[in-house]
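Here is the structure we will look at.
The values are calculated or read from the model by the stated rules, or taken from the named source; none is laboratory data. Just so you know, these numbers come straight off a predicted model, no measurement behind them. Cβ placement follows ideal geometry from the backbone for every residue including glycine, while neighbour counts extend to all protein chains displayed. Surface accessibility is based on the protein's heavy atoms, side chains included, excluding ligands, DNA and RNA. Shrake-Rupley method; radii C 1.70, N 1.55, O 1.52, S 1.80 Å.
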Amino acid sequence: MSLQHPHHPERPQHPAEPEVRLDPAFVTDWRVYDDLDDGQRWSTWHDVEPLSRGPEPRPDWVVTSRGAVDTDLGVLKTGKEADVFLLERADPHEPERAVVMAAKRYRSTEHRTFHRAAAYTEGRSMKRSRDERAVKRRSTFGRQVAAAEWAVSEWDALKRLWTIGLPVPYPVQVDGTELLMEWVRVDGEDGPETAPRLAQTRPGPTQLASWFEQLRDVLVTMARHGLVHGDLSAYNVLVAGDRLVVIDLPQVVDLVGNLNGPDFLLRDCSNVCRWFRARGLEVDEQALFADLLAHAF
């Protein structure tokens, strides 16, 4: 027997509500970030234009998160033209992907002295005539442009040498007078530390010969591409284990386009051979110079 009241019939059963699916393009994963401390800034990766970011394929360690924070860790090296700092880039929500890079910051012309700068810049042209005029007038703006030009020169050299497979630090980005690049390091007793300069090492005969061949290969490849380091010495080469890494490249010149190109190449050969010869390896700068010219032409 049904006990249903005549004035209250059974309510009809509604069909199940359809499942609502959201378009992932309209879904945002909100994350809260704390305020920045002194010595910190938001990552500048997305502030620079694409051509100011490192060449592809990029190493896996490059941090591109919009939430990443740059933290200054202190001065790594001071120089006549620029200071190099250690800078950590990390997203607080992805601390396992943190990376420490070298941040090279060029000084304005009133605070630095490039040795024979005019000889290095011969044959170079600026993109905008306004900038070139400002540099010649040595105005405040011109000094800023000049400092940025040296950063861009090293950026261009790093990108080109990295792309052709030479052992240089990976260039991460350039922003005005600041150049971010790979921190070349070795494992120390207390953790990672900057790789030593070639001038700081005391290699045995076998290692010495191996390192000379590595540097010779670098010089040969550069000569084939019409490039000269311009300031190569044992102080501008890092030793990362058995591998040499060439650094300090703002003054790279065109072997043919710069009238001083051959002179700079001979000087590089002399600096390199003098250091190796002083440690017992019989090498000759004139023979090396002739070999490089043969590869170049």
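Per-structure values
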{"quantity": "Nearest-10 value in Å² for the accessible area of residue 42, using the 1.4 Å probe", "calculated": "120 Å²"}
{"quantity": "Efficiency of FRET between residue 201 and residue 291 - r from beta-carbon atoms, R0 25 angstrom, step 0.05", "calculated": "0.50"}
{"quantity": "Potential extension, residue 209-residue 46 segment - 0.36 nm per residue separation minus Cα distance", "calculated": "54.3 nm"}
{"quantity": "Cross-link reach list, aspartates and glutamates versus residue 77, counting only Cα pairs under 20 Å and skipping chain neighbours closer than eight places", "calculated": "88, 110, 154, 175, 178, 182, 187, 190, 193, 231, 248"}
{"quantity": "293, 180, ranked by accessible area, largest first (probe 1.4 Å)", "calculated": "293, 180"}
{"quantity": "FRET E, pair residue 240, residue 35, Förster distance 35 Å, beta-carbon r, rounded to 0.05", "calculated": "0.40"}
{"quantity": "Surface share of carbon and sulfur [accessible, 1.4 angstrom probe, percent] for segment 141-297", "calculated": "49 percent"}
{"quantity": "Inter-part distance where segment 54-71 and segment 248-282 are each reduced to a Cα centre, Å", "calculated": "34 Å"}
{"quantity": "Residue-normalised accessible area of segment 41-110, given per residue in Å² at a 1.4 Å probe", "calculated": "53 Å²"}
{"quantity": "Phi to ³J(HN,Hα) by Karplus 6.51 cos²θ - 1.76 cosθ + 1.60 over segment 33-50, Hz, x for Gly, Pro", "calculated": "10, 6, 5, 7, 8, 4, x, 10, 8, 5, 3, 8, 4, 8, 8, 9, 6, x"}
{"quantity": "Largest-first ordering by accessible area, 1.4 Å probe, given options 277, 202, 267, 21", "calculated": "202, 21, 277, 267"}
{"quantity": "Where only C-alpha atoms are counted, convex hull volume of segment 219-266 per residue in Å³", "calculated": "76 Å³"}
{"quantity": "Per residue accessible area of segment 243-297, 1.4 Å probe, in Å²", "calculated": "45 Å²"}
{"quantity": "Residue 225 accessible area, assembled protein chains, probe 1.4 Å, Å²", "calculated": "80 Å²"}
